[in-house]
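Below is one structure, written out as structure tokens, with a few remarks after it.
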Ligand SMILES: [Zn+2]
Ligand SMILES: [Zn+2]
């Protein structure tokens, strides 16, 4: 009987538990000291399970080296973010997604492209998806995001989107940026947090909005089972509190991509301790990093310029 219980426990245990270990131990492509001699592929493809992938852009193509999440449902494949490089010759994202679809058990799939938020390092390859068959691309502006998901009470409330047997929850989390969203995937029990929460410098543009978003995200995390929180960059090394220099295209010995609900709780507590005054604070796995008025001005100006030259 005892053995039967053990066997059943093994059979019932979530299969992603072991995969999470392999994700935590994954040594991502992380750039080079001399990018001219970098031989790594443009995109590092990590298969988490038969229907879940994480992609990372080569740091030598763009130092931001963002992560992209690809979740397969029965009728739709969900792609969160399109990376930091537009040109398909340099960064063949659409082609990579097509390849993953072709290699899977079902190639009869629509593609839904959404964004954690609209910064250029997460939207550059949108152009590769435009006009392609069976692609729905939600424009990365607040109005389009709210309208598509039916988030009528932004930033409160949540919405859901069904990929076929895989229903994702969409959670508004403005603060890093106006249209930031988080995604909860019940299959992997992942919470995708974009640039709002990741092992790195958490650039906070709107302090009060960010604080309340983290509070709501923590409430969501206590009401749902979360195996890992996954963001869109790594900027911390394995050494506690030590980040890489800004703009660095070489990240030896990177911290793991995953964060936990305890880490989110620590962020929430630290923000509350800082109160209403935006202030930088270095913690072992991330850095609270409020964006000053000058940086905000430059960011808005660049956004305006981008829209104007579109
Ligand atoms: Zn960002
Ligand atoms: Zn980013």
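Checked against (1) within 16 Å of ligand 2 (Cβ to nearest atom); (2) part of a helix (DSSP H, G or I), residue 230 meets all criteria but (2). Cβ-Cβ distances below 8 Å connect the following pairs, each with a first residue in the range 241-270 that is on the phi > 0 side of the Ramachandran plot, a second residue that is modelled with pLDDT of 95 or more, and a separation of six or more residues or different chains: 241/282; 241/283; 241/284; 241/287; 247/63; 253/237; 253/238; 253/239. Residues of the range 205-222 that are away from ligand 1 (no atom under 16 Å from the Cβ) and outside any helix (DSSP H, G or I): none at all.
Counting only residues that are touching a residue at least 60 places away in the same chain (Cβ under 8 Å) and within 16 Å of ligand 1 (Cβ to nearest atom), the range 223-235 holds 5 of them. Within the range 154-185, the set of residues being touching a strand residue (DSSP E or B) at 6+ places or on another chain (Cβ under 7 Å), within 14 Å of residue 115 (Cβ to Cβ) and within 16 Å of ligand 1 (Cβ to nearest atom) comprises 172, 173, 176, 180, 181, 182, 183. Report whether or not residue 22 is within 21 Å of residue 237 (Cβ to Cβ), surrounded by fewer than 17 Cβ atoms within 10 Å (Cβ to Cβ) and more than 15 Å from the chain's Cα centre (by Cα). When the stated conditions are applied, residue 22 passes them.
Residues in the range 174-204 that are within 10 Å of ligand 2 (Cβ to nearest atom), within 9 Å of the chain's Cα centre (by Cα) and not in a loop (DSSP other than H, G, I, E, B): 194 alone. Residues in the range 120-141 that are within 16 Å of ligand 1 (Cβ to nearest atom) and within 20 Å of residue 42 (Cα to Cα): 120, 121, 122, 123, 124, 125, 126. If you go through the range 142-153 and keep only what is crowded, with 16+ Cβ neighbours inside 10 Å and touching a strand residue (DSSP E or B) at 6+ places or on another chain (Cβ under 9 Å), you end up with 145, 146, 148, 149, 151.
The values are calculated or read from the model by the stated rules, or taken from the named source; none is laboratory data. In this text the structure is predicted, and so the values were computed from the model without any measurement. Cβ sites come from the backbone with ideal geometry, for glycine too, and all protein chains shown count toward neighbours.
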